[in-house]
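Engineer: Pasting in a structure now, in structure tokens, and then I'll have a few things to ask.
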Amino acid sequence: MPDAAGDRSATRRPRSNRGPLARHGRLPRRRGWGTALGVLAAAVAVVLVSGTSVAAIAGAQLATSPKTVSLSTDDQKVADTADITAMKGGANILLIGSDTRIGQFDSDEDVQGARNDVTMLIHISQDHQQLTAVSFPRDLMVPIPACTNPATGTTYPASSSAMFNTSLGNGGVSCVVDTVENLTGLTIPYAGLITFDGVIDMSNALGGVDVCVAEPINDTYTGLHLTAGSHNLQGSDALAFLRTRHGVGDGSDLARISSQQVFLSALLRKITSDGTLSNPVTLYKLATAALQNMTLSDGLAKARTIVGLATTLRGMSTSNMLFVQYPVVDDPADTARVIVSQEAAHALNVALQTDQKTSLSDSTTGRASKDETPTSTSTTGTSSAAGSSTSSGSSGTSSAASPSSASTATASASATPLPSSITGQSANEQTCSVGN
């Protein structure tokens, strides 16, 4: 049943009795929160694989545009005094995708407030050899500290168990940062808030992203219809792919996270493999699309930080860029929610806290039951951005790795293997999204 927390869809079994919010209906011209992840992908792509030239462009953009926000006093002190290129234990950045409809293009939805429906923690190792991007499910029940909303001045008391995606509405970016710090035991001195706009411009700037589909995707909610094979997705097609839940895996939100990792990895491979970073026009478009749609924490909104960030990541192999989902299990008190999988989460938290190099098992990289390379010819995706729906669900059920990627997932001798229950993939793995 709907309430102020947002989507009330079942975690493992999408419910048919949708709530009254407009964004849940099968209506035309609705943009779902998946758009935020598209812009998040843009931001990740720009700051994670860029060299000095794109850092300079980003620095120029910083001088003219972005909104800024302050974090808690302790985090702000770290950001003000630390060098992001030499932070002990590595650097942590929180990227937040907001579902706000205010000021977003072509939005005719009446949805009050804003929620952090997409939240990704980026950890860059101190030796600059590995990046780990951790996605937090929005329906995860977690403790949320007391927070004051910076826009309204309303103070929300601490809660021992609340939906993770309510933290943004409670206290803005700083409250989300505090919530993730409490959950992981990390210090997070940098953060960026990203709204819906941007995924179309980003995908167009790249000339599209080539995405593999293992089985046909047919989603009447988003208007996404893709045959098995390789599809070059840009514009509204890329947007629809990022939004689709009903069309992939078991039709759940956590399955969608797995499918979205297919897109994110393909995007990073494209940027690092075909000369994108040597094209100043493309770089400018990438930086502009990301920064014009972001609110940055004070410490991140500095040219020296952006340049330093680019420096730490220059030349990093995509095989050392890991996408993982924070480990969860079904909430026994509510099948529409998930809770932390304690043992696996502890292992991941410790690995991040101690800056360990980690690896994922080749059997837990967000794959579906299908494990074959599509045989159909490459096509251009055809979809229309229509409809919006959200739901949580089991993880790792919407992507299938091609056989050629299996060797890349094998743990190296110097890496600590994460528990097999933690799903995800490295950016160099050529995985395929699996239709529902």
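The values are calculated or read from the model by the stated rules, or taken from the named source; none is laboratory data. Computed from a predicted model, the values in this text were never measured in an experiment. Because the Cβ atoms are built from the backbone with ideal geometry, glycine has one as well, and the counts that use them run over all protein chains shown. Areas reflect the complete protein model, heavy atoms only, side chains present, ligands, DNA and RNA absent. Shrake-Rupley method; radii C 1.70, N 1.55, O 1.52, S 1.80 Å.
Engineer: Within the stretch 128-180, which residues are hydroxyl-bearing (Ser, Thr, Tyr) and closer than 25 Å to Gly89 by Cα?
Structural biologist: Those that are hydroxyl-bearing (Ser, Thr, Tyr) and closer than 25 Å to Gly89 by Cα: Thr132, Ser135, Ser174, Thr179.
Engineer: Quick one: count up the residues across the stretch 153-167 that are in contact with a helix residue (DSSP H, G or I) (Cβ under 7 Å, 6 or more places away or on another chain) and open to solvent by 30 Å² or more (accessible area, probe 1.4 Å).
Structural biologist: Result for the stretch 153-167: 1.
Engineer: Among Leu254, Leu183, which is under 15 Å from the mean Cα position of the chain (by Cα) and within 27 Å of Ile93 (Cα to Cα)?
Structural biologist: Only one candidate qualifies: Leu254.
Engineer: How many residues are surrounded by 24 or more Cβ atoms within 10 Å (Cβ to Cβ) and at pLDDT 75 or above when one looks only at the stretch 183-204?
Structural biologist: Within the stretch 183-204, residues that are surrounded by 24 or more Cβ atoms within 10 Å (Cβ to Cβ) and at pLDDT 75 or above number 7.
Engineer: For Cys147, state whether it is open to solvent by less than 30 Å² (accessible area, probe 1.4 Å) and in contact with a Phe, Trp or Tyr (Cβ under 7 Å, 6 or more places away or on another chain).
Structural biologist: The answer is yes for Cys147.
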